[in-house]
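Undergrad: Below is the structure I would like to discuss, written out as structure tokens.
The values are calculated or read from the model by the stated rules, or taken from the named source; none is laboratory data. On a predicted model such as this, the values are computed, not experimentally measured, just so you know. Ideal geometry is used to build each Cβ from the backbone, glycine not excepted, and the neighbour counts take in all protein chains shown. The accessibility values were calculated without ligands, DNA or RNA, using every heavy atom of the protein model including side chains. Shrake-Rupley method; radii C 1.70, N 1.55, O 1.52, S 1.80 Å.
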Amino acid sequence: LVPFVGGDAFAGKYNPKLSIGDRAPEWMSLSGVDGGQHSFGDYESAEVLVILFTSNTCPYAHDYESRLKQLDAKYAKEKKVKLIVLNPNAVRDDSLDAMKKYAKQKKFGFTYLKDEDGGAAANYGALRTPECFVIDRDRKILYMGAFDDNTKADQVTVKYVEAAVDAALEGKVPEVQETPPVGCLIRQRRRR
């Protein structure tokens with residue numbers, strides 16, 4: 001993991017670590033459900049990155065699984081946008097083996113990585129699952145927070161992540177840049 005010197009003194013309204021416009025923290029060699037190792041730099045060809053922290057075990061995260069697949073499918077043809085989903089939860093049902101089974105069962109086509117020590121989540125200041133970050137071509141954070149404005153898909157009126165991605169692709173700043181994330185608290189290993 002690459003150490004992150006963050007902007008704690010200038011953290012966002014809802015994020016304890018980062019602010020809009022901060023450079024996105026990088027990670028090295030996270031294991032994926034595809035059996036490979038993935039680093040932040042692997043995605044340099046993408047114009048926009050969507051980094052999302054989730055888990056197999058959070059009911060809120062389950063509410064978003066079909067929306068993640070739809071987002072991935074929407075931008076897959078252009079190959080300008082890369083959805084990268086990280087699981088930092090330190091419980092048995094969120095282990096890499098469990099993630100592989102779950103991804104196969106749910107037919108996830110997006111990149112799904114295990115943040116084994118929770119370091120990436122900590123560097124991003126992510127506290128909940130799901131929690132989203134939209135990152136522009138310069139690898140600066142354009143948006144962070146909730147995926148959209150309602151955990152119930154049929155009641156969504158504002159798609160925060162999608163709006164931020166579309167703005168980034170046009171070289172613009174999204175109208176909404178930060179919202180409070182809604183979801184389960186990330187369960188980290190205890191440290192002494």
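Undergrad: Assuming R0 = 35 Å, what is the FRET efficiency of THR157 and LYS106, from their Cβ-Cβ distance, to the nearest 0.05?
TA: For R0 = 35 Å, the calculated efficiency reads 0.85.
Undergrad: Continuing with this model, one more query. Return the equivalent ellipsoid semi-axes of the stretch 75-182 as a descending list in whole Å, where each equals the square root of 5 times an eigenvalue of the C-alpha gyration tensor.
TA: Working from the Cα gyration tensor, I get semi-axes of 24, 16, 15 Å.
Undergrad: Check the chain for me: any Cys whose beta-carbon has no other cysteine beta-carbon within less than 4.7 Å?
TA: Those would be CYS132, since no other cysteine Cβ in the chain comes under 4.7 Å of theirs.
Undergrad: So, one more: For GLU78, GLU170, give me the order by solvent-accessible area with a 1.4 Å probe, most accessible first, ignoring ligands, DNA and RNA.
TA: GLU170, GLU78
Undergrad: Take each of the peptides 42-51, 83-92, average the number of other beta-carbon atoms within 10 Å over its residues, and list them starting from the highest.
TA: Final packing ranking: 83-92, 42-51.
Undergrad: Same structure, new question: Would you work out the charge dipole size for the chain about its Cα centre, treating the Cβ of every Lys and Arg as +1 and the Cβ of every Asp and Glu as -1, and quote it to the nearest 20 debye?
TA: That gives a dipole near 560 debye.
Undergrad: Report the trypsin sites (Lys or Arg not before Pro) located in the stretch 34-81 that are in a DSSP loop and have at most 10 other Cβ atoms inside 10 Å of their Cβ, or state none.
TA: Of the trypsin sites (Lys or Arg not before Pro), the ones in loops of the stretch 34-81 whose Cβ has at most 10 other Cβ atoms within 10 Å are LYS77, LYS79.
Undergrad: Stokes-Einstein diffusion coefficient for the chain at 4 °C in a medium of 1.567 mPa s, Rh from the Kirkwood formula over Cα pairs: what value in µm²/s?
TA: 79
Undergrad: Taking every pair of Cα atoms in the stretch 114-157, average 1/r, invert it to obtain the Kirkwood radius, and report Rg/Rh to two decimals.
TA: Taking Rg over the Kirkwood Rh, I get 1.05.
Undergrad: Arranged from highest to lowest average of other beta-carbon atoms within 10 Å per residue, in what order do the peptides 155-168, 138-151 appear?
TA: Result, highest mean first: 138-151, 155-168.
Undergrad: In µm²/s, what is D for the stretch 20-134 at 20 °C and 1.002 mPa s, where D = kT/(6 pi eta Rh) by Stokes-Einstein and Rh is the Kirkwood radius from Cα pairs?
TA: 151
Undergrad: In bins 5 Å wide, starting from 0, what share of all Cα pairs of the stretch 129-192 does each bin hold, as a percent?
TA: 4, 18, 24, 20, 14, 10, 6, 3, 1, 0
Undergrad: Let me ask another. Would you mind telling me the share, in percent, of accessible area of the stretch 26-166 contributed by carbon and sulfur at probe 1.4 angstrom?
TA: 47
Undergrad: Using helices alone, I'd like the mean residue ellipticity at 222 nm for the chain: each DSSP H run of four-plus residues gives -39500 (n - 2.57), total over residue count, nearest 500.
TA: The per-residue figure over the chain is -7000 deg cm²/dmol.
Undergrad: Ranked from highest to lowest mean number of other Cβ atoms within 10 Å per residue, what is the order of the peptides 105-117, 52-64?
TA: The most tightly packed comes first, giving 52-64, 105-117.
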